[in-house]
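> Got a structure for you, questions after.
The values are calculated or read from the model by the stated rules, or taken from the named source; none is laboratory data. Keep in mind that what you see is a predicted model, and the values were worked out from it rather than measured. Ideal geometry is used to build each Cβ from the backbone, glycine not excepted, and the neighbour counts take in all protein chains shown. Note: areas computed on protein heavy atoms with side chains; ligands, DNA, RNA excluded. Shrake-Rupley method; radii C 1.70, N 1.55, O 1.52, S 1.80 Å.
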Number of protein chains: 2
Amino acid sequence: MPDRKFVLGVDFGTESGRALLVDVDTGEEVGTEVYPYADGVIDRSLNGRPLPPDWALQNPEDYLRTLNRTVPAVLAASGVSAEQVVGVGIDFTACTMLPTDAAGTPLCAKPDWKDNPHAWVKLWKHHAAQPEADKINEIARNRGEAWLQRYGGKYSSEWFFSKVWQIFDEAPEVYYAADRLLEAADWIVWQMTGKETRNLCTAGYKAIWDKQSGFVSSEFLRVLDSALERVVDQKMMRNVSPLGECAGGLTREMAALTRLRPGLPVAVANVDAHASVPAAGIAEPGKLLMIMGTSICHMLLGTASQPVPGMCGVVEDGILPGFFGYEAGQSGAGDILAWFVRTFCPEAGAAVHEELEARAARLKPGESGLLALDWWNGNRSVLVDTHLSGLLLGATLETTPVEIYRALIESIAFGTRTIIENFDHYGIPVNELYACGGMAEKNTLLMQIFADVTGRPIKLARSSQSSALGAAMFGAVAAGNKGGGYDAIYDAIARMGGTRELVYTPNQASHQVYTTLFKEYTDLHDYFGREANEVMKRLRAVKAAQRVG
Amino acid sequence: MPDRKFVLGVDFGTESGRALLVDVDTGEEVGTEVYPYADGVIDRSLNGRPLPPDWALQNPEDYLRTLNRTVPAVLAASGVSAEQVVGVGIDFTACTMLPTDAAGTPLCAKPDWKDNPHAWVKLWKHHAAQPEADKINEIARNRGEAWLQRYGGKYSSEWFFSKVWQIFDEAPEVYYAADRLLEAADWIVWQMTGKETRNLCTAGYKAIWDKQSGFVSSEFLRVLDSALERVVDQKMMRNVSPLGECAGGLTREMAALTRLRPGLPVAVANVDAHASVPAAGIAEPGKLLMIMGTSICHMLLGTASQPVPGMCGVVEDGILPGFFGYEAGQSGAGDILAWFVRTFCPEAGAAVHEELEARAARLKPGESGLLALDWWNGNRSVLVDTHLSGLLLGATLETTPVEIYRALIESIAFGTRTIIENFDHYGIPVNELYACGGMAEKNTLLMQIFADVTGRPIKLARSSQSSALGAAMFGAVAAGNKGGGYDAIYDAIARMGGTRELVYTPNQASHQVYTTLFKEYTDLHDYFGREANEVMKRLRAVKAAQRVG
């Protein structure tokens, strides 16, 4: 294929990294290679010493190994030469952050620091900064910080300043030794280009930055701790780069490591969920993309910044330039179904979800008499409360496992409908649903139930690797028209993004029954989730006390 | 054992009948024999024709076969001669009723009627008379019938006039052909003695009879249907015999059938749960007996008739003479745990409950974070609502099957505590708990949790066959002092009833945690059970509509 041009997208996930090689004219995916991280998620012990609960670290060396193992392999396997590759983009989990020295060397890579867990990469699902997040929220509320509305009213323990503050609280020596504090997404781009940049997406969604007002004020940071007052100037960067901008050319060292050509345009970093939107062919408001896996991310474009309680964030240009990118989420989805199987069908084989779905598909909506609240892993949107828990109601002596399985699927769909109605209610219309991710591709009953519950058709993103494809598309934009790519992401969307022919169309009879049940779901949701009866939190308190005692 | 004297108790259960031979001086059980009914519970088809849902019939021939198969066998096996047996008593499930001709021949035993399901015995758990029960309750409420209070405010579809009215509604030809309508308990005594009697226990608890006012008024029955106005006089008997009275002597035919001696005193009939009270050695108020199996019956003595909402009934002399016998109940208990095992451990062996208990015993109260409402089979006391359903709350991705199993046990204990507090609240004190039945004997963790949740010690009835022992004790009273028995049931209790040495003593630390959790249970109980949120009923309605549609 000597005439064709390609772009490369590299997706840095939770357990592995992946390179995807894409035809820049058609979006055709000509090759993909995966590298399972050697050190994976480090959440039990580090160098032989146990880690506290809720910790989750990674080794940045795994990110470099991903480039080294996957990029040359995908080029070789697809017969594409380095000269045919016109650009590269990356996407990453977020907020996944680390401390480095002035040269960008991770502290954890230095012998003096390697045994200090705070010197390592804090993965997105590192949840040990909850005390810091609680204080950030309390102080922000008390000060009436306007930015809090942009995060649906609550700043997460997963996000940048919660993690930074935890480092300072628990390991000030690491904080002071860190010349730089940055997203791993930006770190890998720095490694590739030799040039430090800060991407707009993580700055906006995780680090309290906004196109209009820049970063959170020094006054606010000083109230957290006087030592943090100048953290942005001292250890971050005020210059934030929009998505699709060229961060720089690939260094000689990285060209050698990846077998790509030196000087190859590298796009500024992006986040996995956000990069999936252009990959699904979405270029305008009203189309909600669901990235469906263990949990669900909901991505939506709007034409104005509108406070929507319970969303994860709204960032101008945060998904696509010219729009306000809204993000919401469900903290439990595939993991709830996995819990069901692990708990009640431990002996079942690999096809257990398919078998359960086939049997659950024979039930009509409401036929089981069951109703569940999908809070096994807490609730992200719209209640933003990790201390809520799962509920199952309506069980009788005739209730079967298959009925429970279906009720769990329905509850997850009701959770998404709650998010959609919340967006609608606050003036961000949702007309069509798009979906990508493993669950969207495999679980056909679940997808039909989502269509029936929400009453909206659902299209599937064409690519099975939407994040990597989106990253590659931004790589094409970094290359620009003259460099063999595109000047605008919208041109890349038109050529490279899109959906499949299969559309899940809502069954109107089922939708009517589900609307009746959704009313019941909403009543329970508000009763248990909005302080009428805080039994779930009180039970958690008893549980915590009994586990300690 | 030529010097010893014995009494015989025959227990007619749901699936089988049992004869128990007991030493009249010591209560020692010297032999027992069981006969599994050949026709069992007839709930699917009758003579090849399918039965509607909720039907449950029996064949009275099985009751005669019980006498024939078990009594001679127990005599032979224990080496006791007919002359050593001084009396016999029976206990029965109730309300289990049938139509007969004037001679006591069941209509179902006649060729003309054998294919009409209404000619057969309607077992206690025949639930197809719900429409009639609903109308009885509505009419009674509208008329302000004072007797309704004696049944906790609600007359059950299981009870005598609901079933009588169903016969009249659906098969008036059976109703008119029936010279007699009576409890199977009274029918078997009639067969044994050749003399029709009506026992006080079933008259009081099932057929709206009271020592002060007799049967429900003809005016009320006429409002149901003019044809029913004189049903008591036409097809029943106004003369009600107190428990322990001698119904008559054993007929020659029955003596031949049972190998007992002709003329042997036969006590008037009794009900299984009620007969268990004297067997457990209870002779005074304040001691609540729990008969624990598939469901739980709660029996309690009081010194006055006090309206207690949600109880099953209060009957003067209904359990023991001189006291008001209170009955309450939980419609789900062992069957909820059986549901759990059937649903989630279908491959498990016979010892599955023991294994689950052993693992659940390692958990502390509240440690699971789970809370359940024990309504898998509806709620009998104190809500009297068959349309409620089970609830499980507090589930997380870490929740295990063992935690759910323990939460179900705890919920059943909370249900009993609700009943106890309800009795206490309405002036019927409960100081000590007694237990009998399979679950009380086998499930040690469950019993400890009952003690911890209720904060009361629990004693176990000495006999594993409390119903049959109680029936035998009333047989001794029928014989009287002169006949080798006792003149009063209280003398029999002192000699023949009692408890084991094992006492379940509440752990005060656990009781405190459970009191915290019980507050949460009560909030959910009242929210879902007392009309604040009738979601369970609405889900049932949707389910019913979808199953039909």
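> Need one word for region B:388-449: rounded, prolate or oblate. Basis is the Cα gyration tensor (sqrt eigenvalues a ≥ b ≥ c); a/c below 1.5 gives rounded, then a/b vs b/c decides.
Working: a/c = 2.98, a/b = 1.54, b/c = 1.93.
Cα axes put region B:388-449 in the oblate bin.
> For region B:106-187, just say rounded, prolate or oblate: build the C-alpha gyration tensor, square-root its eigenvalues into a ≥ b ≥ c, call rounded for a/c under 1.5, and beyond that prolate if a/b exceeds b/c, oblate if not. Provide the component values of the computation, followed by the final result.
Numbers: a/c = 2.47, a/b = 2.08, b/c = 1.19.
Note, shape of region B:106-187 comes out prolate.
> Which Rg and Dmax, in Å, describe the Cα atoms of the protein assembly as shown?
Expressed in Å, the Cα Rg and Dmax of the protein assembly as shown come to 36.9, 119.
> Would you compute, from DSSP H runs of 4+ residues alone, the mean residue ellipticity of chain A at 222 nm, taking -39500 (n - 2.57) per run and dividing by the full residue count, rounded to the nearest 500? Working shown, then result.
Numbers: 19 runs with 212 residues, N = 549.
Calculated mean residue ellipticity at 222 nm is -11500 deg cm²/dmol.
> Still on this structure, I have one more. If you put +1 on each Lys and Arg Cβ and -1 on each Asp and Glu Cβ, how big is the dipole of region A:139-247 around its Cα centre, in Debye rounded to 20?
Numbers: 14 positive and 15 negative charges, 72 e Å.
Taking the Cα centre of region A:139-247 as origin, the dipole is about 340 debye.
> Also: I'd like the mean, over residues of B:392-405, of how many other protein chain beta carbons sit within 10 Å of each residue's own Cβ.
6
> How far apart, in nm, are the 7 Å Cα→Cβ label points at B:SER78 and B:ASP225?
Reported label-point gap for B:SER78 and B:ASP225 is 4.5 nm.
> Which residues among region A:461-476 fall inside the zone where the amide N is under 20 Å from a point 7 Å beyond the Cα of A:ALA361, along Cα→Cβ?
Label zone hits: A:461.
> Is region B:170-213 best put as rounded, prolate or oblate by its Cα gyration tensor, with a ≥ b ≥ c the root eigenvalues, rounded for a/c under 1.5, and otherwise prolate when a/b is larger than b/c, oblate when not?
On the way: a/c = 2.52, a/b = 1.20, b/c = 2.09.
Here region B:170-213 falls in the oblate category.
> Moving on. For B:THR105 and B:SER213, what is the calculated FRET efficiency with R₀ set at 45 Å and r taken between the beta-carbons, to the nearest 0.05? Could the numbers behind the result be given before it?
Numbers: r = 32 Å, r/R0 = 0.72.
Rounded to the nearest 0.05, the efficiency is 0.90.
> When the accessible area of the protein assembly as shown is computed with all protein chains present and a 1.4 Å probe, what percentage of it is carbon and sulfur? Could the numbers behind the result be given before it?
Values: 18740 of 38320 Å².
Its accessible area is 49 percent carbon and sulfur atoms.
> Defining the label point at 7 Å along Cα→Cβ, can you sort the distances from B:ALA488 to the same site in each other copy, shortest first, in nm?
10.2
> Quick check: Cα centre of region A:100-114 to Cα centre of region B:483-549, how many Å?
One Cα centre to the other: 63 Å.
> Just checking the output field for B:530-539: average partner chain Cβ neighbours within 10 Å of each residue's Cβ? If you can, show how the numbers build up before the last one.
Values: counts 0, 0, 1, 5, 1, 10, 7, 0, 9, 10.
Mean shielding by partner chains, rounded to a whole number: 4.
> Separate question: Show me, bin by bin at 5 Å from 0, the whole-percent P(r) of region B:236-328 based on Cα pairs.
Going out from 0 Å in 5 Å bins, region B:236-328 shows 3, 13, 19, 19, 15, 12, 10, 7, 3, 1 percent.
> Go through A:459-469, A:500-510, B:212-222 and give me the packing order, highest mean Cβ count within 10 Å leading. Working shown, then result.
Details: A:459-469: 25.5, A:500-510: 13.6, B:212-222: 15.2.
So the order, starting with the most tightly packed, is A:459-469, B:212-222, A:500-510.
> Efficiency by 1/(1 + (r/R0)^6): what FRET value for A:LYS135 and A:ARG500, r their Cβ-Cβ distance, R0 = 51 Å, to the nearest 0.05? Could the numbers behind the result be given before it?
Working: r = 46 Å, r/R0 = 0.90.
My answer for the efficiency is 0.65.
> As a test, work out the antiparallel percent of DSSP beta bridges whose residues both lie in chain A, rounded to the nearest 5. All intermediate terms of the calculation are to be shown ahead of the outcome.
On the way: 52 of 72 bridges.
Bridges in chain A that DSSP calls antiparallel: roughly 70 percent.
> Let me ask you something else. May I ask for the distance between the Cα centers of region A:209-225 and region B:412-473, given as a whole number of Å?
64
> Inter-copy label distances at A:LEU64, 7 Å along the Cα→beta-carbon direction, one decimal in nm, shortest first?
The projected label point of A:LEU64 is separated from its counterparts by 9.5 nm.
> As an exercise, use a Förster radius of 45 Å and the Cβ-Cβ distance of A:GLU284 and B:LYS519 to find the FRET efficiency, rounded to the nearest 0.05. Can you show the working numbers first?
Numbers: r = 52 Å, r/R0 = 1.16.
The formula returns an efficiency of 0.30 here.
> Next up: How do the peptides B:295-304, A:375-384 rank, highest first, by the average count of neighbouring beta carbon atoms within 10 Å per residue? Could the numbers behind the result be given before it?
Working: B:295-304: 21.9, A:375-384: 25.0.
Packing order, densest peptide first, comes out as A:375-384, B:295-304.
> Another question about this same structure. In nm to one decimal, list the spacings between the A:ALA509 label point and its equivalents in the other copies, with label points set 7 Å along Cα to Cβ, shortest first.
Once sorted, the set of distances for A:ALA509 reads 5.9 nm.
> Further, regarding this structure: More than 20 Å apart: what percent of Cα pairs in region B:178-247 qualify? All intermediate terms of the calculation are to be shown ahead of the outcome.
Values: 679 of 2415 pairs.
In whole percent, the share of Cα-Cα pairs in region B:178-247 beyond 20 Å is 28.
> Roughly what % of DSSP beta bridges within the protein assembly as shown run antiparallel, to the nearest 5? All intermediate terms of the calculation are to be shown ahead of the outcome.
Working: 109 of 149 bridges.
Antiparallel bridges: around 75 percent, rounded to the nearest 5.
> Magnitude of the Cβ-charge dipole of region B:489-549, K/R +1 and D/E -1, about the Cα centre, nearest 20 debye? It would help to have the intermediate numbers written out before the result.
On the way: 9 positive and 7 negative charges, 88 e Å.
Once rounded to the nearest 20, the dipole reads 420 debye.
> Which of the trypsin sites (Lys or Arg not before Pro) found in region A:332-364 are in a DSSP loop and have at most 14 neighbouring Cβ atoms, other than their own, within 10 Å?
Values: sites: A:ARG342, A:ARG359, A:ARG362; in loops: A:ARG362.
In loop regions of region A:332-364 (DSSP not H, G, I, E or B), the sparsely surrounded trypsin sites (Lys or Arg not before Pro) are A:ARG362.
> If one computes the Cα centroid of region A:243-313 and of region B:301-367, what distance in Å separates the two points?
About 58 Å separates the Cα centre of region A:243-313 from the one of region B:301-367.
> Mind checking which helices in chain B clear 30 Å along their axis (Cα) and have mean Kyte-Doolittle hydropathy of 0.0 or more, DSSP H runs only? Working shown, then result.
Values: long enough: B:401-425 (35 Å, 0.18).
Helices meeting the criterion: B:401-425.
> Using a basic spin-label model with each label point 7 Å from the Cα along Cα→Cβ, how many nm lie between B:GLU531 and A:GLU253?
7.7
> Ratio of Rg to Rh for chain B, alpha carbon only, Kirkwood? Walk me through the numbers on the way to the answer.
Numbers: Rg = 23.0 Å, Rh = 24.0 Å.
Computed over Cα atoms, the ratio is 0.96.
> Check B:TYR434: other-chain or 5+ apart residues with amide H under 5 Å from its amide H, H built from backbone geometry?
B:LEU288, B:LEU289, B:MET290, B:LYS459
> Shifting gears a bit: Along the Cα→Cβ direction, 7 angstrom out, place labels at B:ALA351 and B:GLN306. What is the inter-label distance in nm?
Inter-label distance under the simple model: 4.6 nm.
> Taking beta carbons within 10 Å but only from partner chains, what does the mean come to for residues B:362-372?
Details: counts 0, 1, 6, 2, 10, 7, 4, 11, 4, 7, 2.
Other-chain Cβ atoms within 10 Å of each residue's Cβ, averaged: 5.
> Still on this structure, please answer the following. PRE reach from A:VAL341 (point 7 Å along Cα→Cβ): which of region A:449-466 fall under 18 Å by backbone N?
Hits in region A:449-466 for A:VAL341 at 18 Å: A:449.
> Count neighbours as other Cβ atoms within 10 Å of each site's Cβ, and list the GluC sites (Glu not before Pro) in region B:376-439 that are DSSP loop with at most 12 such neighbours. Show your work: numbers first, answer last.
On the way: sites: B:GLU398, B:GLU403, B:GLU410, B:GLU421, B:GLU432; in loops: B:GLU398.
Those that pass, being in a loop and sparsely packed, are B:GLU398.
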